[in-house]
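The values are calculated or read from the model by the stated rules, or taken from the named source; none is laboratory data. Treat the numbers as computed from the prediction; the structure is a model and nothing was measured. Neighbour counts are summed over all protein chains in view; Cβ atoms, including those assigned to glycine, are modelled from backbone coordinates with ideal geometry.
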Amino acid sequence: MVELSDKLKEVDAVAVSYFGEPLFKLWESDEFLVGSFFDQGVLRMDIKRKDEKDGITWDELQRIKGECGYADKDAVEFYPAEQDVINTGNWRHIYVFNERIPLVRKNYNEVFR
């Protein structure tokens, strides 16, 4: 696992997404840039490596979600039908939900106490 060289820090910025949604929050570290937007009532985090290289691991996405303040929230990465793909660059998109997602498996030790 690649360690973040520093923790993500919230940055003051004004921007809009590719779809015209206003920026909710922006975070930055030496390695990553993370913008968050409300997409049809759900928080979407748009994540990219600042060096433009490919590859963000699952562990890095989980850590980024936590460092942005959403460690206690379920999130999913969305893969649309082929005809709906919009590839605007090397970004990863995760959707963060306020409510627990029923398909999420709970910690084994909590389930079988």
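A few remarks follow.
- Evaluating THR88 against the criteria (1) of a type in the set (S, T, N, Q); (2) at pLDDT 85 or above; (3) assigned to a loop (DSSP other than H, G, I, E, B) leaves one unmet condition, (2).
- Within segment 51-63, tally of residues that are free of Cβ contacts under 8 Å to residues at least 40 places away in the same chain, more than 21 Å from TYR18 (Cβ to Cβ), not in a loop (DSSP other than H, G, I, E, B) and not aromatic (Phe, Trp, Tyr): 1
- Segment 56-83, subset surrounded by fewer than 17 Cβ atoms within 10 Å (Cβ to Cβ) and aromatic (Phe, Trp, Tyr), residue nearest to SER36 (Cα to Cα): PHE78
- Considering segment 1-20, the residues that are of a type outside the set (A, V, I, L, M), modelled with pLDDT of 90 or more and under 16 Å from the mean Cα position of the chain (by Cα) include one that is surrounded by the most Cβ atoms within 10 Å (Cβ to Cβ), namely GLU10.
- Selection within segment 11-50 - within 20 Å of ALA75 (Cα to Cα), free of Cβ contacts under 8 Å to residues at least 24 places away in the same chain and among the acidic types (Asp, Glu): GLU21, GLU28
- Residue selection: ILE86 satisfies the criterion of being out of contact with any Asp or Glu (no Cβ under 9 Å at 6 or more places or on another chain), touching a residue at least 60 places away in the same chain (Cβ under 8 Å) and aliphatic (A, V, I, L, M).
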